[in-house]
Amino acid sequence: MALLNRDQLAKRISQEVKDGYVVNLGIGIPTLVANHIPAGMFVMLQSENGLLGIGPFPTKENVDADLINAGKQTITTVPGASYFSSADSFAMIRGGHVDLTVLGAMEVDQEGSIANWMVPGKLIKGMGGAMDLVAGAKRVIVAMQHRDKAGNSKILKKCTLPLTGQNCVHRVVTDMAVLDLSKEGFILKEFAPGPSIDDVKAATEAPLTIDPEVREIRF
Amino acid sequence: MNKVYPNAAAAVAGVKDGMTLLFGGFGLCGIPENSIAAIRDTGIKNLTCVSNNAGVDGFGLGQLLEKRMVKKMISSYVGENDLFEKLYLSGELEVEFTPQGTLAEKLRAGGAGIPAFFTPTGVGTKVAEGKEVREIKGRKYVLEHSITGDFAFIKAWKADKFGNLIFRKTSRNFSPNTATAGRITVAEVEEIVEIGELDPENVHLPGAYVQRIYAAKFEKRIENLTLTPSTGDPKPGISQP
């Protein structure tokens with residue numbers, strides 16, 4: 001059963017990005033989304049440490065210690081970029097001025113809640129900006145593997161880990177499927193070219209409503 | 001008026017055991033590295049330190065942790081510091097995890113005379129436990145209290161002798177917000193110019209928020225050097241997996 005690899009997953013999510021969008025991408029698969037934004041589409045990538053307009057990584061000659069992204073990596077800016085303080089950055093995020101955020105998750109549940117910052121009993125590194133992003137972005141998309149390494153579903157009736165946010169996720173894109181959140185829980189919109197609808201159901205702990213227009217993921 | 005101090009040691013004078021100290025910076029970018037080193041050398045203890053991150057082992061706030069000067073950290077993310085982990089797990093260090101935007105707003109509000117505010121961030125999570133949650137216009141918000149400090153330490157690019165500051169690129173981050181929330185705010189800068197030399201249109205933080213200034217040299221350590229590969233298309237500079 002062929003599942004989407006990380007790059008294909010990112011490519012599918014890139015279809016959610018629209019011209020003129022302000023987008024914040026989290027660490028991991030979400031990062032890869034930027035590689036698939038079509039040329040000619042004007043999109044500004046936000047970095048919560050105070051930049052709107054992330055550009056490519058620098059060449060050796062252009063490295064600037066004063067210019068980093070939220071992952072503390074050296075970066076450059078694109079034309080039209082702007083710098084601002086952290087309070088201004090989170091005013092932008094919390095105030096609904098970011099059109100889309102894409103984040104990774106350890107668990108998502110049918111109430112649209114997400115857990116991605118803490119595993120009790122293990123090391124806690126902190127939530128960073130994730131709680132603000134899920135509370136404030138206009139659209140919240142989760143990019144994740146459908147199951148953990150042991151094969152257990154990460155798409156749950158109820159999250160077991162401490163939450164990052166409650167009732168905030170709009171869409172989940174996994175290596176098996178595209179799921180939308182509704183008042184009735186998860187709706188299966190699309191499935192990966194490999195697995196059948198029954199395979200997706202079997203891999204999902206939460207109940208799934210099958211959209212009448214469900215189809216295979218297209219790129 | 002003289003806000004210009006000769007060096008870091010003079011500029012941090014007055015810090016004492018048990019104080020709440022605020023620090024600007026994100027990761028190692030824009031941290032007040034010279035003030036931190038000078039505070040380390042004072043040997044004071046039982047500090048509450050407010051900073052988005054906790055430095056790395058041996059640099060930034062990591063140095064205050066090494067000398068066991070910190071009783072409590074208020075931060076949003078501390079993943080880059082092994083000693084932090086050890087002190088936290090052994091109970092030697094208390095940590096109050098605060099969402100990054102809430103932390104920035106606590107400082108902004110603290111400096112703006114607003115004692116508390118309602119935010120949607122963290123509703124329904126551990127962060128909201130024990131705090132008032134109020135429904136306003138159909139949505140739930142958690143009451144968060146602002147932060148002020150005995151001292152605030154920040155780093156800026158340029159200052160004039162009144163303390164008007166200009167920051168450079170993303171090294172601005174928390175610094176303007178942190179600066180407003182300190183009873184005494186100490187700015188270390190790369191260059192001090194005469195009053196009148198900074199264009200008023202381009203001042204990022206007015207001098208009213210700054211009590212002490214000194215010029216210093218900066219290591220500006222890079223935490224995560226990432227380059228565009230010399231072959232192939234440049235990739236957008238967002239965090240790699």
message = Report, to one decimal in Å, the Kirkwood hydrodynamic radius for segment B:33-89 based on all distinct Cα pairs.
response = 11.1 Å
key: Tensor-based shape of chain B (alpha-carbon gyration tensor, a/c under 1.5 rounded, otherwise prolate or oblate)   = rounded
request  = Please give the average number of partner chain Cβ atoms lying within 10 Å of the Cβ of each residue in A:50-60, rounded to a whole number.
outcome  = 6
request  = Read phi for every residue in segment A:77-82 and hand back ³J(HN,Hα) as whole Hz from Karplus 6.51 cos²θ - 1.76 cosθ + 1.60, θ = phi - 60°, with x for Gly and Pro.
outcome  = 10, 9, x, x, 6, 9
task = Starting at the first residue of segment B:19-31, write each ³J(HN,Hα) from the Karplus equation 6.51 cos²θ - 1.76 cosθ + 1.60 with θ = phi - 60°, in whole Hz, x for Gly and Pro.
result = 6, 9, 10, 9, 10, x, x, 9, x, 9, 8, x, 7
query = Between segment A:160-204 and segment A:68-120, what is the C-alpha centre distance in whole Å?
reply = 21 Å
ask   = Between B:59, B:151, B:23, which gets the highest mean-square fluctuation from a Gaussian network model of chain B, Cα cutoff 10 Å?
value = B:59
ask   = Say each of residue B:90 and residue B:131 gets a label point 7 Å from the Cα, pointing the same way as Cα to Cβ; how far apart are those two points in nm?
value = 3.1 nm
task = Multiply the residue gap between residue B:215 and residue B:2 by 0.36 nm, knock off their C-alpha separation, and tell me the result in nm, one decimal place.
result = 75.3 nm
inquiry  = Give me the three principal axis extents of chain A from the C-alpha atoms, as integers in angstrom, largest value leading.
reply    = 52, 40, 30
note = So, with points 7 Å from each Cα along the Cβ direction, the residue A:202-residue A:60 label distance in nm works out to 5.3 nm
query = Given the options B:24, B:110, B:91, which has the most mean-square fluctuation in a GNM of chain B, springs set between C-alpha atoms less than 10 angstrom apart?
reply = B:91
request  = Excluding residues fewer than 8 places away in the same chain, name every one of the lysines whose C-alpha is closer than 21 Å to that of residue A:149.
outcome  = A:122, A:157, A:158, A:201
key: Cα shape, the protein assembly as shown, gyration tensor, a/c 1.5 rule   = prolate
ask   = What residues qualify as long-range amide H neighbours of residue A:107, i.e. H under 5 Å apart, gap of 5 or more or another chain, H built at 1.01 Å from N?
value = A:115
query = Which net charge results for the neighbourhood of residue B:90, defined as the other residues with beta-carbon distances under 15 angstrom from its beta-carbon, given Lys and Arg at +1 and Asp and Glu at -1?
reply = -1
inquiry  = Straight-line reach from residue B:161: which lysines fall under 26 Å, measuring Cα to Cα and dropping same-chain residues less than 8 apart?
reply    = B:3, B:169, B:217, B:220
task = For segment B:173-234, count the residues as N, evaluate 2.2 N^0.38 Å, and divide the Cα radius of gyration by that value, please.
result = 1.60
request  = Would you look at the GNM of chain A, springs on alpha carbons closer than 10 Å, and say which of A:73, A:46, A:166 moves the most?
outcome  = A:73
query = Which three semi-axes in whole Å describe the equivalent ellipsoid of segment B:12-134, each the square root of 5 times a Cα gyration tensor eigenvalue, listed largest first?
reply = 25, 17, 13
note = With R₀ set to 30 angstrom, the calculated FRET efficiency between the beta-carbons of residue B:195 and residue B:10, to the nearest 0.05, is 0.90
note = Expressed in angstrom and rounded, the centroid-to-centroid distance over alpha carbons for segment B:104-122 and segment B:43-83 is 23 Å
ask   = If you take every DSSP beta bridge whose two residues both sit in chain A, what share of them, in percent to the nearest 5, is antiparallel?
value = 50 percent
Derived scalar couplings ³J(HN,Hα) [segment A:163-178; Karplus, 6.51 cos²θ - 1.76 cosθ + 1.60; whole Hz; x for Gly, Pro] = 6, 8, x, 10, 6, 10, 8, 9, 8, 10, 10, 10, 6, 10, 6, 10
request  = Using a Förster distance of 30 angstrom, determine the FRET efficiency expected from the C-beta separation of residue A:42 and residue A:187, and round it to 0.05.
outcome  = 0.45
query = How would you classify segment B:88-128 from its alpha-carbon gyration tensor, with a ≥ b ≥ c the square roots of the eigenvalues: rounded for a/c under 1.5, else prolate if a/b is greater than b/c, otherwise oblate?
reply = oblate
request  = Please list, in chain and number order, the residues 5+ apart from residue A:64 or on another chain whose amide H is under 5 Å from its amide H, with Hs placed from the backbone.
outcome  = A:75
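Bear in mind these aren't lab numbers, they're just calculated from the coordinates by the rules spelled out. Source: prediction; values computed, not measured. Heads up, the Cβs are rebuilt from the backbone with ideal geometry, glycines too, and the neighbour counts pull from every protein chain shown.
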